[in-house]
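Asks: Below is one structure. I have some questions about it.
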Amino acid sequence: MHSEQTSDSELVDKLRARDPDAIATLYDRYGCLVYSLFLKVTQDRTVAEDLVQELFLRVWNRGGNFDANKGTLGVWILSITRNFAIDHIRSAQARFQTRLRSIEQTDPLSFSYKPAEPERILDSERSVRQALSELTANQRRVLEMAYFEGFSQSEIAAKLQEPLGTVKSWMRSALIRLRSTVKAGVAG
Amino acid sequence: MTHPEMDELYELYLLGALEPEQAAEIDDHLRTQCSHCQEHLQGAAPVAASLSLLAESQEPPARLRSRVLESVNPKSRSRNWIFAVAGLSAACAALLIVALWTASAIRSSHARIAALQIERVQLEEAVEILSKSDTRAVQFGRAEEPHGRVFVNRNNGVVFVGSALPQLAAGRTFQLWLIPGQGAPESAGIFHPNAAGDFVQVRATPVDTSRIHAVAVSVEPAGGSPAPTTTPVLIVPLA
């Protein structure tokens, strides 16, 4: 297991130096989460493994351009992961190379935010999981449809045959709860 | 939209869950470099990312880590490539050996089949000669010496069968001769006894029994000779 203490800026430096140890560290940190997300979306272990490999290959090739002063590698990687997964299920083509958007297209704003303490996002994993577990079934369902299936609020409303206002309300209340948990984790 | 309204939408904006017109409005506003919205967008990103935890945690297969690392590590890939080439070379060499062995085995089998076909033809010819009522048999030799029988049929040929011929030196062969009363001996073919000295030689062509008075065996160079080059080791008079 690679050191959990390696900072994002150190990892970016290693990526720029083409040091494979950076990918080993990132895999050890996020590999399970990334794989779980791909598996949740694709429901196919083989495809999920392919996507994990492709994801880390892209991080390897593009991660050196990441500005660690403007965000965290973890959030950036999870953002790319989610969009890769959505691209996969939206694509009619079988091979993921043609499905994947470029990193710039995938996450155009990922370089512009700066949480107070970049390495803390996943440190709050337990409290986030706890918060998610306390959501109502409807709140959880609409968030899952948005996050894992890429549906808009109006699409979710149509699929659930619920009023759009109701879906927005479920989402808003769930996100308020989640925001406070994540911010508390970052601040704590 | 007002700032408080947009503040509630940045996670959904990042997830692409807004309606197109809402997303377009936020896009336009962000292009103004509004510091308030930049800050809230920064805060929304980890919230959106935290939704990944909605997925049940699944342990990836152990092989996936090495697969990922190999895909990004040229040195590792190079090593693997060398191993792959070495493995492929070894496989090719093994295949070549198998192919050569197989080819050799096939050639050996073909030779064996050809020999068996010759033996089968000779046996058929021998049976043809032995089954004729007008075939004459001549016995020769004694138990401790080369001995056997010569079967002669004027229309079908000669069968020469016997035992206890001496072992041949390397590069030598026995050759059977039909000896006329007058004139040069006629070759009746070359043959090699088995390890016990037993032998059968068939010459399936008509024999002018009025002219051929004896059969003889001489040792000749491998492949035989047009005429005897050594003193016969065996002479069997047919009269």
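The values are calculated or read from the model by the stated rules, or taken from the named source; none is laboratory data. None of the values given here were measured: they were computed from a predicted structure. Please note: Cβ atoms are built from the backbone with ideal geometry, for glycine as well, and neighbour counts cover all protein chains shown.
Asks: Here are some residues: B:A91, B:A143, B:A103. Which one is without any contact (Cβ under 8 Å) to a residue 24 or more places away in the chain, not in a helix (DSSP H, G or I) and not aromatic (F, W, Y)?
Replies: Working: B:A91 fails: not in a helix (DSSP H, G or I); B:A103 fails: not in a helix (DSSP H, G or I).
So the residue among B:A91, B:A143, B:A103 that is without any contact (Cβ under 8 Å) to a residue 24 or more places away in the chain, not in a helix (DSSP H, G or I) and not aromatic (F, W, Y) is B:A143.
Asks: Quick check on the range A:15-28: of everything there that is in a helix (DSSP H, G or I) and at pLDDT below 90, which residue is surrounded by the most Cβ atoms within 10 Å (Cβ to Cβ)?
Replies: We begin by selecting, within the range A:15-28, every residue in a helix (DSSP H, G or I); these are A:15-16, A:20-28.
Those left that are additionally at pLDDT below 90: A:15-16, A:20.
Values: A:L15: 24, A:R16: 13, A:P20: 19.
Top of the filtered list is A:L15.
Rundown of residues vs (1) within 30 Å of A:D28 (Cα to Cα); (2) within 14 Å of chain A (Cβ to nearest Cβ); (3) modelled with pLDDT of 75 or more, yes/no style:
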residue: B:S57; (1), (2), (3): yes, yes, yes
residue: B:P61; (1), (2), (3): yes, yes, yes
residue: B:L64; (1), (2), (3): yes, yes, yes
residue: B:V72; (1), (2), (3): yes, yes, yes
residue: B:S78; (1), (2), (3): yes, yes, no
residue: B:A91; (1), (2), (3): no, no, yes
residue: B:L96; (1), (2), (3): no, no, yes
residue: B:T102; (1), (2), (3): no, no, yes
residue: B:S109; (1), (2), (3): no, no, yes
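Asks: Still on this structure, I have one more. Can you tell me which condition A:E54 does not meet? The list is (1) at pLDDT 85 or above; (2) farther than 24 Å from B:L14 by Cβ, and all the others hold.
Replies: With (1) at pLDDT 85 or above; (2) farther than 24 Å from B:L14 by Cβ applied to A:E54, the lone miss is (2).
Asks: If you don't mind, there's one more thing I want to ask. Count, please, the residues in the range A:142-178 that happen to be facing another protein chain (nearest Cβ under 10 Å), part of a helix (DSSP H, G or I) and over 18 Å from B:E8 (Cβ atoms).
Replies: 3
Asks: Now a separate question. Mind checking which residues of the range A:29-70 are among the aromatic types (F, W, Y) and part of a helix (DSSP H, G or I)? Lay out the reasoning, then the answer.
Replies: Going through the range A:29-70, the residues among the aromatic types (F, W, Y) turn out to be A:30, A:35, A:38, A:56, A:60, A:66.
Correct list: A:Y30, A:Y35, A:F38, A:F56, A:W60.
Yes/no matrix, rows are residues, columns are (1) at pLDDT 85 or above; (2) in a loop (DSSP other than H, G, I, E, B):
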position: B:F174; (1), (2): yes, no
position: B:G183; (1), (2): yes, yes
position: B:P206; (1), (2): yes, yes
position: B:P228; (1), (2): yes, yes
position: B:A239; (1), (2): no, yes
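Asks: Okay, moving on. Residues that are among the acidic types (D, E), over 19 Å from B:G224 (Cβ atoms), surrounded by 15 or more Cβ atoms within 10 Å (Cβ to Cβ) and out of contact with any Phe, Trp or Tyr (no Cβ under 9 Å at 6 or more places or on another chain): does the range B:132-140 have at least one?
Replies: In the first step, residues of the range B:132-140 are kept if they are among the acidic types (D, E); the result is B:134.
In the following step, the residues that additionally are over 19 Å from B:G224 (Cβ atoms) were identified as B:134.
Those left that are additionally surrounded by 15 or more Cβ atoms within 10 Å (Cβ to Cβ): none.
No, the conditions are met nowhere in the range B:132-140.
Asks: Separate question: Would the range B:158-165 turn up any residue that is part of a loop (DSSP other than H, G, I, E, B) and hydroxyl-bearing (S, T, Y)? Outline the logic, then answer.
Replies: The first filter runs over the range B:158-165 and keeps only residues part of a loop (DSSP other than H, G, I, E, B), leaving B:164-165.
Next, from what is left, pick out any that are hydroxyl-bearing (S, T, Y): none.
Checking the range B:158-165: not a single residue is part of a loop (DSSP other than H, G, I, E, B) and hydroxyl-bearing (S, T, Y).
Asks: Is it the case, given these coordinates, that B:A164 is within 18 Å of B:P193 (Cα to Cα), at pLDDT below 90 and surrounded by 14 or more Cβ atoms within 10 Å (Cβ to Cβ)? Explain how you work it out, then say what you get.
Replies: Numbers: within 18 Å of B:P193 (Cα to Cα): yes; at pLDDT below 90: yes; surrounded by 14 or more Cβ atoms within 10 Å (Cβ to Cβ): yes.
In short, yes.
Asks: Name the single residue that is nearest to B:L64 (Cα to Cα) among those in the range A:5-14 being away from chain B (no Cβ under 14 Å) and in a helix (DSSP H, G or I).
Replies: Applying the first criterion (away from chain B (no Cβ under 14 Å)) to the range A:5-14 yields A:5-7, A:9-10, A:12-13.
From the residues that got through so far, the ones that are in a helix (DSSP H, G or I) too are A:9-10, A:12-13.
Working: A:S9: 26, A:E10: 24, A:V12: 22, A:D13: 24 Å.
If we take residues in the range A:5-14 being away from chain B (no Cβ under 14 Å) and in a helix (DSSP H, G or I), then A:V12 is nearest to B:L64 (Cα to Cα).
Asks: Against the definition (in a loop (DSSP other than H, G, I, E, B), under 21 Å from A:I80 (Cα atoms) and either facing another protein chain (nearest Cβ under 9 Å) or at pLDDT below 85 (or both)), how does B:L18 come out, yes or no?
Replies: Numbers: in a loop (DSSP other than H, G, I, E, B): yes; under 21 Å from A:I80 (Cα atoms): yes; either facing another protein chain (nearest Cβ under 9 Å) or at pLDDT below 85 (or both): yes.
Answer is yes for this residue.
Asks: So, of the residues in the range B:44-58 that are within 60 Å of the chain's Cα centre (by Cα) and of a type in the set (A, V, I, L, M), which turns out to be surrounded by the most Cβ atoms within 10 Å (Cβ to Cβ)? Walk me through how you get there before you give the answer.
Replies: Taking the range B:44-58 as the starting set, the residues that turn out to be within 60 Å of the chain's Cα centre (by Cα) are B:52-58.
Retained after the next criterion (residues that are of a type in the set (A, V, I, L, M)): B:53-55.
Numbers: B:L53: 23, B:L54: 19, B:A55: 21.
Here the residue is B:L53.
For (1) more than 16 Å from B:P166 (Cα to Cα); (2) of a type in the set (V, I, T); (3) in contact with a helix residue (DSSP H, G or I) (Cβ under 8 Å, 6 or more places away or on another chain), each residue gets a yes or a no:
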{"position": "B:S187", "(1), (2), (3)": "yes, no, no"}
{"position": "B:F191", "(1), (2), (3)": "no, no, no"}
{"position": "B:A204", "(1), (2), (3)": "yes, no, yes"}
{"position": "B:T209", "(1), (2), (3)": "yes, yes, no"}
{"position": "B:E220", "(1), (2), (3)": "no, no, no"}
{"position": "B:P226", "(1), (2), (3)": "yes, no, no"}
{"position": "B:P232", "(1), (2), (3)": "no, no, no"}
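Asks: Being surrounded by fewer than 23 Cβ atoms within 10 Å (Cβ to Cβ) and more than 11 Å from chain B (Cβ to nearest Cβ) is the filter here; which residues of the range A:60-86 pass it?
Replies: Scanning the range A:60-86 gives A:R62, A:G64, A:N65, A:D67, A:A68, A:N69.
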